[in-house]
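Notes follow the structure.
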Amino acid sequence: MGLYGSTAAVAAAPLTVTQAISQQNGSSATVRGYVVGQPTATTTVVRSGYPNDYALALADSASTTSTSSMLYVQIPSAFRSAWGLRTNPSLLGRQIDVTGTLSAYFSHAGLTSSTAFAFAGTTPPTTTPPTTPPPTTTTPPAGSCESYYTAACGKSGAALKSALNGIIRNQTKLSYDQVWDALKATDQDPANANNVILLYSGRSQAKSTNGGNANDWNREHVWAKSHGDFGTSTGPGTDIHHLRPEDVSVNATRGNLDFDNGGSAVPEATDSRYDGDSFEPRNAVKGDVARMIFYMAVRYEGNDGYVNLEINNSVSNGSAPYMGKLSVLKQWSQQDPPDAFEKRRNQVIFDSFQHNRNPFIDHPEWVASIWP
């Protein structure tokens, strides 16, 4: 696909913002609207002091102030220098065309995975690029040692672990309340934008049913928060790289168990198993669980005021800042490599929330390098 999308996408009449808001069905479309600010939360759009170049909001009128009448647009990394508001504040009030996927962003009607940006006007955008043309690729930093992972390139073992820690500890930190909205975006059901996928049960459940009652979904700490006693305070307790939606009772069954194979079927999550000292997630997310644990052990090294988390081969770690079982987690990572859902989740966290990545989703081979 070229800089401004396919011929068909350019030729079709752009949707209005109102139409795009009503068609959040995962289809691809070009939307025309006025830039009215930058979304920073589900119901917050700022019109000055832009924090970054990651997103913008469109509306059918340049004077719109109600966020319910706005479309939140994700700006992939390759387009940020030309279309991000921090770098280009003069875009405010301009009418533009954006091509992308009609899908929720910041748990709000949105346009994600954008592939083309152009100023609206009578001249076709394929022949009149903006004054500062965006790059011709939307390749994210995932998998690119030469960009996000430059400091880790060519390293192995302890040196690799230390280099990755230096990279990924540069992150935006969320409050525990902000985690609710974040999970509604990161774990959105690809087949139903109104739902999230629960980690251990695999059930698709309405985003609106989050809470603490029976059959609600709540915030599961994959690295059990008692393993290091970090609780739910900002830091490891709110790091969404290891926080996932899960049914309240299933979350309670998992408790603070270490990870291992075996046990009885978990009620309401019968593809997962548990016994007195361990928990085994369903096959489809075994690798996801392992890579979340590997992330936590690298991100939290005790060098920035947070607890030092480490992986061992035990299933009786209790409140110690350890999680097991390493040998099984390594097997799970190989058995279940990163899939589209996990990769998208990593990208959404990077683009919209914490602005750091799980390196073991981008480079699964690094697991064996750090834990041979």
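The values are calculated or read from the model by the stated rules, or taken from the named source; none is laboratory data. Just so we're clear, the structure is a prediction, and the values are computed from it rather than from any experiment. Cβ: placed from backbone, ideal geometry, glycine included. Neighbour counts: every protein chain shown. Keep in mind that these areas ignore ligands, DNA and RNA; they rest on the heavy atoms of the full protein, side chains included. Shrake-Rupley method; radii C 1.70, N 1.55, O 1.52, S 1.80 Å.
Brief remarks follow.
- Per residue, the chain exposes 39 Å² of solvent-accessible protein surface, assessed with a 1.4 angstrom probe and all protein chains in place.
- Among the listed pairs Lys225/Lys286; Lys155/Lys343; Lys161/Lys184; Lys155/Lys184, those whose Cα-Cα separation exceeds 28 Å are Lys161/Lys184; Lys155/Lys184.
- Taking the C-alpha atoms of the range 207-313, convex hull volume expressed per residue in Å³: 106 Å³
- When you restrict to C-alpha pairs under 8 Å that are six or more residues apart and normalise by the size of the chain, the relative contact order lands at 13 percent.
- Seen from every direction in turn and averaged, the convex hull around the alpha carbons of the chain projects onto 18.2 nm².
- Antiparallel bridges, percent of DSSP beta bridges restricted to the chain (to nearest 5): 85 percent
- Compared with the dominant principal axis of the Cα atoms in the chain, helix 286-299 is inclined by about 90°.
- Stretching Ser48 away from Thr16 to a fully extended chain increases their span by 9.1 nm, per 0.36 nm per residue minus the current alpha-carbon distance.
- Relative protection proxy for 327-339, 108-120, from highest mean packing down: 108-120, 327-339 (other beta-carbon atoms within 10 angstrom).
- Principal-axis tilt of helix 157-168 within the chain, Cα atoms, nearest 10 degrees: 40 degrees
- Top positive-direction residue, dipole computed over the range 148-233 with Cβ charges, set Gly154, Ala182, Thr232: Gly154
- Carbon plus sulfur fraction of accessible area for the chain, probe 1.4 Å, in percent: 50 percent
- Working from label points 7 Å from Cα in the Cα-to-Cβ sense, the Arg94 to Val307 distance is 4.9 nm.
- Most mobile of Arg273, Arg94, Arg244 in a GNM of the chain (Cα contacts under 10 Å): Arg94
- Nearest-ten-degree value, helix 326-335 long axis tilted from longest Cα axis of the chain: 40 degrees
- If you sort Lys325, Lys286 by accessible surface, 1.4 Å probe, largest first, the order is Lys325, Lys286.
- For Arg344, solvent-accessible area (1.4 Å; no DNA, RNA or ligand), Å²: 80 Å²
- Inter-probe distance in nm under a simple model that places probes 7 Å from Cα toward Cβ, at Ala284 and Asn256: 3.1 nm
- Additional length obtainable on full extension of the chain from Asp229 to Ala151, 0.36 nm per residue less Cα span: 25.0 nm
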